[in-house]
Each structure stands twice: as structure tokens, then as C-alpha cells.
Amino acid sequence: MITQDKRLLGGVAGAVLLAAIGGFSVARYTAEPSPEAQKTENAEEGTAAHADNLAMTEEAIGKAGIAVEAVRAGGLGSEILAQATVTAAPAGEAIVTARAGGAVTQVFKRLGDPVKAGETLAVVQSRDAAQIAAERTAANAKAVLAQKNLARERQLYEQKVSARVDYEQAQAEAAAATAEARRAQVAASAANITRDGGGAIVASPISGRVTAESVTLGAFVQPETELFRVADPSKVQIEAAVGPTDAQRLAPGDQAIVELPDGRTIEARVRAITPGLAGDTRSATAVLDVPGSLQPGLAVRVRLLPSRGEASNAIVIPDEALQTLEGRDVVLVRTKQGFRARNVTIGQRSAGRVEISSGLKPGDMIATKNAFLLKAELGKGAGEEE
């Protein structure tokens, strides 16, 4: 017999799971395995009496919001838990400024718009730009004239008409004019002068999206005023704050697990550890390289796995992955059909993590986020049999 409260709890939890997976079939099965399968089951589970299974499709798992993670060896002493923030990599964010003072006459991009490298974001009409363009034109004209004078003096010198000193003077003037023309061209390129020479182009040096904009059409801006910020979400890094003792255990190349707010986890790798400590937090910063696109500014938690960590065969899992079923400590292990409740022996706990002394092996795929939904459905099935 089961109590009325247990029936109510099982019914509510089962309804939550069925609603979450959108009507996909989640069936509990206890079919008798073959003798060979029975031996395998006994070897993996230690007993066949509690082979509780849930049949569940991949699509249903996704719709129910159940996260699955592979476990690995290493006790609590071999992990460093740290709070971290996703930041733009040095080449992943650009501050776009006005290269010349003037009035903003055109704005082509707004907040959130996609941008390609070299694409124009705005145009500033500027007297400074006009002056730079005029200096470039004058310098080019002087360089052309100096080259003509040099050619004429060379011809006169070869014909023994003019003195060598006149020829050398022409060479020096041509070299100076060429250098001035090059300087004017570089200045015009740095200011990104428009073709007509009346304004300066505000262009993005990288591809990405506009993450900040402080420009108004018609507003007058000073040189080097920040107008836009562009970030590439595929070029990010994670900065984790670690204590001085833990920092000494880390080394470039160490593995890390990034826990996202939605329950997903992604693998990362330590790129560097700052040699000094921050003055306000008295902690070092571990910089992680992470694949994929993450939003800069996102707060995450990381599990750092130092190469100089304590050796342990224990497996550590999140607290939410550990469930209690009929008085047993179990973990929901992913199978081809769905999930199986596997008995485990737990060790010490710390910071939302729990050690598993036995019952799991490295490489097992277990349910973490929303594992309680699977436990509730198993409990419901047990109640129905009873």
C-alpha cells in the first residue's frame, strides 16, 4: 500500500514530465532480459533486482529539458570550483571612434545590427578631413613636380650642361617630396577620408554585431570619440577568479568544464593564469579558451581540473543528479532506450557537488538538470505496480 501523499506527488511529477515532453511516450519497462544480458546487467549494476528503466526518445529528452553529462574520474580534491565571466577576446571586440572631428551626416548601423570587417557604420563631415585631403593632394602634386625636376636635372647633368650639385639637389628635393606625399597618404588612410575629401568614414575593423552605439545624426563629435562597439561572439574567453593556493595547482592546457545557466556544460581549456593577484579580490585570474559562441558578460561557473590535482578514483557529480528512489541513492544513467536508475554509494559533499564512491565508471552518461522528473516517473511506475 502507498499513502495518498505519495500518489499525489507521483501524479503531479508525472504530469510535469509528460507536459514538458509534449506528449511523447515515456514508458517504464521491466522485461526479463536474456541470460547473457542478465550476466551483463549483474556485472554493471551489482544486482538485477533494481533494474529500473525508462524508455524515452532523444527528442523527448530535449523537450523535457533534461541535460546529460559524461562523468569522469577525480574526487572533490581534484576539482577547483570558481565563478567566472564570459569576456570578449582581445581580437573579439573593437571600439570604433571618429578619426576626425565634425558633424555626423550619415548613420548606417544601429544597436544589434550585424557588421562585416571594413563596413561603414557612419560618416562624419569634417573640416579636419577636408584639410587632410587637401594636404594629400598638395603633397602628391609636389612629388610629381619634384620627379620631373629630377629627370630634367639628370638629363642636363648627363649632357654636361649643369653642375653635379644641381643634380644632387634635385635628388634630395624629390626624395623629400616623395616622403611628404607618403606621410599625407598615411594620414588620409588613418582618418579614412571619403573619396570627395569632405568627410571621414567610421568603419568597423572586425566582423560581428554592434553591442553599443552612442551616435546621433547631426551631432558634432570630437576626434577619437567612441561611437560604436562591435563584438564577435565567436571570439570570447572566460575569466575565472581562483585563490592563490588553487592558482599554483593550475597550468596552461589544463581541462575545465563550464556550467552554463541553462544547465548545459561545455569543455574548455586553461590558456593562462595571471602571475599576480587582483588588489580588490586577492585572487588570480585563470583565462580559458572556449569553443563556440557565448554572450560576453554572461556569468558562469567553471570546474577546473588541475594537472597537479589530488589523485582520486572517485567520481564527482552535481547534487541535482543524485536522486533517492525507494530509499536508495540512485543516478539516472543514459541507455539506448532511455535511462536506467543505477544504485550508487556516495561520499563527501561540497559546493553543490557530491562524490560517488561506487556505482559509476568514467564515461557514463548521466542525467543532471531535471533528473528529478525521471525519478518521479520511476516512482510513479513503482506505485502503480504496488
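Consider residue 177 carefully, then state whether it is in contact with a helix residue (DSSP H, G or I) (Cβ under 6 Å, 6 or more places away or on another chain), of a type in the set (A, V, I, L, M) and either modelled with pLDDT of 90 or more or open to solvent by 50 Å² or more (accessible area, probe 1.4 Å) (or both). Against the criterion (in contact with a helix residue (DSSP H, G or I) (Cβ under 6 Å, 6 or more places away or on another chain), of a type in the set (A, V, I, L, M) and either modelled with pLDDT of 90 or more or open to solvent by 50 Å² or more (accessible area, probe 1.4 Å) (or both)), residue 177 qualifies. For region 180-210, a residue qualifies if it is farther than 19 Å from residue 125 by Cα, among the hydrophobic types (A, V, I, L, M, F, W, C) and either at pLDDT below 85 or under 33 Å from the mean Cα position of the chain (by Cα) (or both), and the qualifying residues are 206, 210. Tally time: how many residues in region 347-370 are touching a Leu at 6+ places or on another chain (Cβ under 7 Å) and modelled with pLDDT of 85 or more? The total comes to 2.
Those residues that are of a type in the set (A, V, I, L, M) and part of a strand (DSSP E or B), I need them from region 351-371; list them, please. Break it down into steps so the answer makes sense when it comes.
Just the residues of region 351-371 that are of a type in the set (A, V, I, L, M), to begin with: 351, 354, 356, 360, 365-367, 371.
Scanning region 351-371 gives 354, 356, 365, 366, 367.
Within region 80-94, restricting attention to residues that are more than 13 Å from residue 213 (Cα to Cα) and open to solvent by less than 30 Å² (accessible area, probe 1.4 Å), the residue that is farthest from the chain's Cα centre (by Cα) is 80. Within region 52-64, residues that are closer than 14 Å to residue 333 by Cβ have Cβ atoms under 7 Å from residues that are modelled with pLDDT of 80 or more and of a type in the set (Lys, Arg) in these pairs: 52/340; 53/340, counting only partners at least 6 apart in sequence or on another chain.
Taking into account only those residues within region 47-79 that are β-branched (Val, Ile, Thr) and open to solvent by 30 Å² or more (accessible area, probe 1.4 Å), which is modelled with the lowest pLDDT? Even if it seems obvious, please write down each step before you answer.
Here is the first cut: in region 47-79, the residues β-branched (Val, Ile, Thr) are 47, 57, 61, 66, 68, 71.
With open to solvent by 30 Å² or more (accessible area, probe 1.4 Å) added as a condition, the list becomes 47, 57, 68.
Working: 47: 40, 57: 82, 68: 86.
Among residues in region 47-79 that are β-branched (Val, Ile, Thr) and open to solvent by 30 Å² or more (accessible area, probe 1.4 Å), the one modelled with the lowest pLDDT is 47.
Restricted to region 263-342, the set of strands (runs of 3 or more DSSP E) holding at least 2 residues that are touching an Asp or Glu at 6+ places or on another chain (Cβ under 7 Å), open to solvent by 10 Å² or more (accessible area, probe 1.4 Å) and closer than 17 Å to residue 80 by Cβ comprises 265-273, 284-289, 299-305.
Go through 239, 226 for me and flag whichever is open to solvent by 60 Å² or more (accessible area, probe 1.4 Å), in contact with a Leu (Cβ under 9 Å, 6 or more places away or on another chain), at pLDDT 90 or above and not hydrophobic (A, V, I, L, M, F, W, C). Show your work before the answer.
On the way: 226 fails: in contact with a Leu (Cβ under 9 Å, 6 or more places away or on another chain).
Among 239, 226, only 239 is open to solvent by 60 Å² or more (accessible area, probe 1.4 Å), in contact with a Leu (Cβ under 9 Å, 6 or more places away or on another chain), at pLDDT 90 or above and not hydrophobic (A, V, I, L, M, F, W, C).
In region 301-330, what residues are under 15 Å from residue 270 (Cβ atoms) and at pLDDT 80 or above? 302, 303, 304, 305, 306 - these are the residues of region 301-330 that are under 15 Å from residue 270 (Cβ atoms) and at pLDDT 80 or above.
So that you can scan it fast, the table gives a plain yes or no per residue for (1) aromatic (Phe, Trp, Tyr); (2) more than 30 Å from residue 246 (Cβ to Cβ); (3) over 20 Å from the mean Cα position of the chain (by Cα); (4) open to solvent by less than 50 Å² (accessible area, probe 1.4 Å):
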residue	(1), (2), (3), (4)
96	no, yes, yes, yes
110	no, yes, yes, no
115	no, yes, no, yes
118	no, yes, yes, no
127	no, yes, yes, no
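Consider region 108-165 and keep the residues that are touching a residue at least 24 places away in the same chain (Cβ under 8 Å) and of a type in the set (Asp, Glu). The one that is nearest to residue 211 (Cα to Cα) is 113.
If only residues of region 242-253 that are closer than 16 Å to residue 301 by Cα and not aliphatic (A, V, I, L, M) are counted, the one that is most open to solvent (accessible area, probe 1.4 Å) is 246. Set side by side, the residues 165, 161 differ, and just one is surrounded by fewer than 18 Cβ atoms within 10 Å (Cβ to Cβ), among the β-branched types (Val, Ile, Thr) and assigned to a loop (DSSP other than H, G, I, E, B), which is 161.
The values are calculated or read from the model by the stated rules, or taken from the named source; none is laboratory data. All figures in this text were calculated on a predicted structure; none of them were measured in a lab. Quick reminder, even Gly has a Cβ in these numbers, built from the backbone with ideal geometry, and neighbours come from all protein chains shown. Only protein heavy atoms, including side chains, enter the accessible area calculation; ligands, DNA and RNA are left aside. Shrake-Rupley method; radii C 1.70, N 1.55, O 1.52, S 1.80 Å.
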